[in-house]
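Contents: one structure, followed by commentary.
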Amino acid sequence: MSLLYTPIKIKDVLMRNRVMMSPMCMYSASADGMPNDWHLVHYATRAVGGVGLIMQEATAVESRGRITDRDLGIWNDEQVQELKKIVSLCKGHGAAMGIQLAHAGRKCEVATEDVVAPSPIKAGENYKMPRELSVDDIRCIVTSFGMAAKRADEAGYDIVEIHAAHGYLIHEFLSPLSNKRTDQYGGSLENRVRFLNEIIDEVRKYWPDNKPLFVRVSADDYIPGGINIDMMVDIVNQIKDRVDAIDVSSGGLLSAHIDVYPGYQIKYAQEIKSRCNIKTVAVGLITAPEMAEEIVSNERADMVALGRELLRNPYWVLQSAGRLHTDVSWPVQYERAK
Ligand SMILES: Cc1cc2nc3c(=O)[nH]c(=O)nc-3n(C[C@H](O)[C@H](O)[C@H](O)COP(=O)(O)O)c2cc1C
């Protein structure tokens, strides 16, 4: 019996299997952050394809939190009305629906926006110099995450994931390489985690207790002096009492050499799971069903996220079941292809 295909329940959310569609920006929203037919078709196809949990792409909590002007947003009620359609369509096809709440920080490329960060340090040559956030600005952004969580609940999402990875705003606070503040938000590890801690507390005010909260982290900056796995274990230990799972990625803060090979980030998910005693999601070049099964069966992570493989093949979950000697039901319309 495949564990990958065994349902998993986190809080009150039951997922039909342990495969998560990794959040992937489609850069296809309209300039006001609104979803459209592309998003409906794209996400519903993966729901029809049997994915257990769809984690919707990075969705900005305020307009300057977008990476580009084609990112999705959840900073107003009109957006909620459109997002609701995606949620109900995907849930109607059996997937649990998550939303990744994001703020791009210094990696915002929208020409008209105020680019902000913990410290005035560029993300790289091609990025704008960010403005250092004041403590009042920080409070406003924390509030925006709370309001976004409230709207996510109204839209019907099952899971919220806070995007604290890939060099975006929260990661910029966590890493000593991008956070040079001398106030209560910089310096010690406890201070650098404060912004994320405040966001989690704010989200928790509005996000129902029976619904899971995930946090995506980058477990390694791959640069001396930056985040490494030991530092990330310490960070997770500071937030784990209010979080249900850690989705473990790596990199993205600054350009760095990364040795990439199949499953290259699994070791980080495994370490966080065992050293912090919290559920984890493993992601990164996981494409073979046997590898996905091995990860969950050997308790290296609780779920497995697939990104590009699900872009190539939205029916990966249906097609891979046989390789794991498991029978899954196909949509009745497609049964003759089984
Ligand atoms: C087109 C594309 C868009 C992405 N957008 C996001 C995103 O919105 N949020 C995020 O956390 N990661 C994003 N990622 C990273 C993926 O979620 C995933 O972690 C990465 O692609 C590695 O997994 P894979 O090898 O299965 O594709 C994106 C990746 C791709 C290819």
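So for the stretch 127-146 (the condition being part of a strand (DSSP E or B), among the acidic types (Asp, Glu) and crowded, with 20+ Cβ neighbours inside 10 Å), does at least one residue qualify?
Scanning the stretch 127-146 turns up no residue that is part of a strand (DSSP E or B), among the acidic types (Asp, Glu) and crowded, with 20+ Cβ neighbours inside 10 Å.
Is it the case that Ile162 is in a strand (DSSP E or B) and either touching a helix residue (DSSP H, G or I) at 6+ places or on another chain (Cβ under 9 Å) or at pLDDT below 95 (or both)?
When the stated conditions are applied, Ile162 passes them.
Say we look at the stretch 55-71 and pick out the residues that are out of contact with any Ser or Thr (no Cβ under 7 Å at 6 or more places or on another chain) and part of a loop (DSSP other than H, G, I, E, B); which of these is farthest from Arg131 (Cα to Cα)?
Asp71
Among the listed residues Glu161, Glu172, identify the single one that is within 16 Å of the ligand (Cβ to nearest atom), more than 30 Å from Ala95 (Cβ to Cβ), touching a residue at least 24 places away in the same chain (Cβ under 8 Å) and surrounded by 24 or more Cβ atoms within 10 Å (Cβ to Cβ).
Glu172
Pairs under 8 Å by beta carbon, first residue part of a loop (DSSP other than H, G, I, E, B) in the stretch 281-308, partner among the acidic types (Asp, Glu) and within 10 Å of the ligand (Cβ to nearest atom), six or more apart or different chains?
Ile286/Glu309; Thr287/Glu309
Of the residues that sit in the stretch 302-326 and are within 16 Å of the ligand (Cβ to nearest atom) and of a type in the set (Lys, Arg), which one is farthest from Tyr268 (Cα to Cα)?
Taking the candidates together, the pick is Arg312.
When the residues of the stretch 89-105 are narrowed to those that are assigned to a strand (DSSP E or B) and within 16 Å of the ligand (Cβ to nearest atom), which ends up farthest from Gln56 (Cα to Cα)?
The qualifying residue farthest from Gln56 (Cα to Cα) is Ala102.
Would you mention how many residues in the stretch 110-152 are over 16 Å from His163 (Cβ atoms) and within 16 Å of the ligand (Cβ to nearest atom)?
Final tally of qualifying residues: 1.
Out of the stretch 1-54, which residues are assigned to a loop (DSSP other than H, G, I, E, B) and of a type in the set (Gly, Ala, Ser)?
Correct list: Ser2, Ser22, Ser28, Ala29, Ser30, Ala31, Gly33, Gly49, Gly50, Gly52.
Of (1) in contact with a helix residue (DSSP H, G or I) (Cβ under 6 Å, 6 or more places away or on another chain); (2) away from the ligand (no atom under 16 Å from the Cβ), Arg18 satisfies all except one. Which?
Failing condition for Arg18: (2).
Can you say whether Asp32 is among the acidic types (Asp, Glu), away from the ligand (no atom under 15 Å from the Cβ) and either within 20 Å of Lys211 (Cβ to Cβ) or free of Cβ contacts under 8 Å to residues at least 12 places away in the same chain (or both), as far as the supplied structure shows?
no
From the list Ser329, Ser255, Ser249, Ser274, which one is touching a residue at least 40 places away in the same chain (Cβ under 8 Å) and more than 12 Å from the ligand (Cβ to nearest atom)?
Ser255
For the list (1) surrounded by fewer than 17 Cβ atoms within 10 Å (Cβ to Cβ); (2) aliphatic (A, V, I, L, M); (3) under 17 Å from the mean Cα position of the chain (by Cα), I need the number of the one condition that Leu189 fails.
The one condition Leu189 does not meet is (3).
Residues checked against (1) closer than 25 Å to Met291 by Cα; (2) modelled with pLDDT under 95; (3) aromatic (Phe, Trp, Tyr); (4) not in a helix (DSSP H, G or I):
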{"residue": "Gly226", "(1), (2), (3), (4)": "no, no, no, yes"}
{"residue": "Asn237", "(1), (2), (3), (4)": "no, no, no, no"}
{"residue": "Asp241", "(1), (2), (3), (4)": "no, no, no, no"}
{"residue": "Tyr268", "(1), (2), (3), (4)": "yes, no, yes, no"}
{"residue": "Ile272", "(1), (2), (3), (4)": "yes, no, no, no"}
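Give me a count of the residues in the stretch 23-51 that are within 22 Å of Val217 (Cβ to Cβ) and surrounded by fewer than 24 Cβ atoms within 10 Å (Cβ to Cβ).
Within the stretch 23-51, residues that are within 22 Å of Val217 (Cβ to Cβ) and surrounded by fewer than 24 Cβ atoms within 10 Å (Cβ to Cβ) number 2.
In the set Asp209, Asp183, Asp220, which member is within 16 Å of the ligand (Cβ to nearest atom) and in a loop (DSSP other than H, G, I, E, B)?
On inspection, the qualifying residue turns out to be Asp220.
The values are calculated or read from the model by the stated rules, or taken from the named source; none is laboratory data. For clarity, every value in this text was computed on a predicted model and none was experimentally measured. Here Cβ is always computed from backbone atoms with ideal geometry, including for glycine, and neighbour counts include all displayed protein chains.
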